[in-house]
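Inspection log for the structure reproduced underneath, given as structure tokens.
The values are calculated or read from the model by the stated rules, or taken from the named source; none is laboratory data. Computed from a predicted model, the values in this text were never measured in an experiment. Using ideal geometry, Cβ is built from the backbone for each residue, glycine included, and neighbour counts are taken over all protein chains shown.
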């Protein structure tokens, strides 16, 4: 018992990286109308969280806000791939390709080896793939391996591409149609266990370095000296003052800073149950008819689901919080899938779908983008400074988030004379990171290690101490109640949507989300009860 007679809390001490409702409330109260910070970052996707980490790791005082949750926008809607830049090499964007390969190596070998690992892909040589196309693809994969070498990523991290016999191809992708199959091409790229978890790890690492990570805080008005903000949980308004402001709000960047022209591009993925296609030791590259360098990807997730994507379609008009998936995108992906598989996949087999909006910078005259496909728009990022001094970072992609963040903070430091040295984030491990030999020695299920790294034993221990927490949230899906409780205690999850749609990806299948809702609500009530007990003691 505590000295006051209340039951003592059994919650273990939280690490410095822990994000919780209590920490958010305390730090928001200290920040709103409080002392001036060195850097205010608006947006907590991959780039915004990366900018918060980069600035905090340099010793600057940092506040980072988002109107919603961590990874609420584009960062959670990716293919979960950490691309090595092959596509950009093929289109002559050599600098972007090299940058991508370097950043992939940083994630896989230094900062996040628990979250980012090698993913094999098979390009099946079907009758729809001519011998000329096959030769071009093989040359591309060899060039991609040269990029790996130039980026100094080890062969043990990313194996070499090779040609496959038809038997080997069928072994790696049993769902392929055998008629006319000449074999396949095996290549490797980086794959993140979960893009939203990557953002969470970056944000928590920033918090461990002293950054204040404040979700559900909306920027109502932005200037070079701070922002007028509103707490979306209480409706209370206030001001955050800062010496410099970085706008990292992605597709919404133009709504906060005048003169920023974004040309959004929709990338749609389908979600299928794994049993539809059977065991898949490798992913698939399925060539899109009529295109020389575009593929539909089939991506096994290891949680009973498979993603199929993606599209590249321009989007006009107001930017929605959650993009809708049109039936035309679904039909297109199913058609390409059907061109290579022996197993028919029908519309009713699609149990979920999601779309992300790429924040492409519109550099066309007048900002109309007329005459240029979004698939052909450069994926280079840009750091722009408005007339009144707000710094906006835009463009790029998930793989290069760290470099984008570094460039944005470099610009902020230079423009405002902040006392900070160069970026350190190529050598700052994210929360959970450790060398592979250490990860392999952990006493925890492999699935947890790939999601939590060195924190996996602590997550696993929750279920060891309480049998209720060992229960799966829904049948056929590996996530347990312990993982939900960990997310509420340490990963900043504030409501059921945070738990089901971002800390886990259960919500990608609406039927699964409905089943898991009660478990998420129960866990949040438990976390609230723990918080009340801690406050009393």
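May I ask you to say which residue of 185, 198 is touching a strand residue (DSSP E or B) at 6+ places or on another chain (Cβ under 7 Å) and closer than 27 Å to residue 344 by Cβ?
185
So that you can scan it fast, the table gives a plain yes or no per residue for (1) touching a residue at least 60 places away in the same chain (Cβ under 8 Å); (2) more than 24 Å from the chain's Cα centre (by Cα):
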{"residue": "421", "(1), (2)": "yes, yes"}
{"residue": "437", "(1), (2)": "no, yes"}
{"residue": "449", "(1), (2)": "yes, no"}
{"residue": "468", "(1), (2)": "no, yes"}
{"residue": "480", "(1), (2)": "no, no"}
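Answer yes if at least one residue in region 114-130 is surrounded by fewer than 24 Cβ atoms within 10 Å (Cβ to Cβ), free of Cβ contacts under 8 Å to residues at least 40 places away in the same chain and out of contact with any helix residue (DSSP H, G or I) (no Cβ under 7 Å at 6 or more places or on another chain), and no otherwise.
Looking for residues that are surrounded by fewer than 24 Cβ atoms within 10 Å (Cβ to Cβ), free of Cβ contacts under 8 Å to residues at least 40 places away in the same chain and out of contact with any helix residue (DSSP H, G or I) (no Cβ under 7 Å at 6 or more places or on another chain), one finds at least one in region 114-130, hence yes.
State all residues of region 374-387 that are at pLDDT 90 or above and either more than 21 Å from the chain's Cα centre (by Cα) or in the same structural domain as residue 107 (by TED's automatic domain parsing) (or both); if no residue qualifies, say none.
Correct list: 384, 385, 386, 387.
Just to be sure before I move on: is residue 470 farther than 22 Å from residue 204 by Cβ, surrounded by fewer than 24 Cβ atoms within 10 Å (Cβ to Cβ) and at pLDDT below 95 in the structure I sent?
Spelling it out, residue 470 is indeed farther than 22 Å from residue 204 by Cβ, surrounded by fewer than 24 Cβ atoms within 10 Å (Cβ to Cβ) and at pLDDT below 95.
So, in region 203-216, of the ones that are surrounded by 24 or more Cβ atoms within 10 Å (Cβ to Cβ) and in a helix (DSSP H, G or I), which residue ends up farthest from the chain's Cα centre (by Cα)?
The extreme case among them is 207.
Would you be able to say whether some residue in region 217-225 is outside any strand (DSSP E or B) and within 17 Å of residue 48 (Cα to Cα)?
Yes, region 217-225 contains a residue that is outside any strand (DSSP E or B) and within 17 Å of residue 48 (Cα to Cα).
Going by what's in this entry, would residue 459 be described as farther than 22 Å from residue 192 by Cα, modelled with pLDDT of 95 or more, surrounded by 13 or more Cβ atoms within 10 Å (Cβ to Cβ) and in contact with a helix residue (DSSP H, G or I) (Cβ under 9 Å, 6 or more places away or on another chain)?
Against the criterion (farther than 22 Å from residue 192 by Cα, modelled with pLDDT of 95 or more, surrounded by 13 or more Cβ atoms within 10 Å (Cβ to Cβ) and in contact with a helix residue (DSSP H, G or I) (Cβ under 9 Å, 6 or more places away or on another chain)), residue 459 does not qualify.
Go through region 148-202 residue by residue and tally those that are more than 30 Å from residue 404 (Cα to Cα), exposed (fewer than 14 other Cβ atoms within 10 Å of the Cβ) and either touching a helix residue (DSSP H, G or I) at 6+ places or on another chain (Cβ under 7 Å) or not assigned by TED's automatic domain parsing to the domain that holds residue 133 (or both).
1
Can you tell me which residues in region 275-297 are within 22 Å of the chain's Cα centre (by Cα) and either without any contact (Cβ under 8 Å) to a residue 60 or more places away in the chain or in the same structural domain as residue 384 (by TED's automatic domain parsing) (or both)?
Result: 296, single match.
When region 149-162 is examined, which residues are found to be part of a strand (DSSP E or B) and under 22 Å from the mean Cα position of the chain (by Cα)?
Correct list: empty.
Looking at (1) modelled with pLDDT of 95 or more; (2) out of contact with any strand residue (DSSP E or B) (no Cβ under 8 Å at 6 or more places or on another chain); (3) over 25 Å from residue 69 (Cβ atoms), which is the only condition residue 179 fails?
The number of the failed condition is (1).
Given 53, 28, 40, 44, which one is crowded, with 21+ Cβ neighbours inside 10 Å and either out of contact with any strand residue (DSSP E or B) (no Cβ under 8 Å at 6 or more places or on another chain) or farther than 18 Å from residue 229 by Cα (or both)?
53
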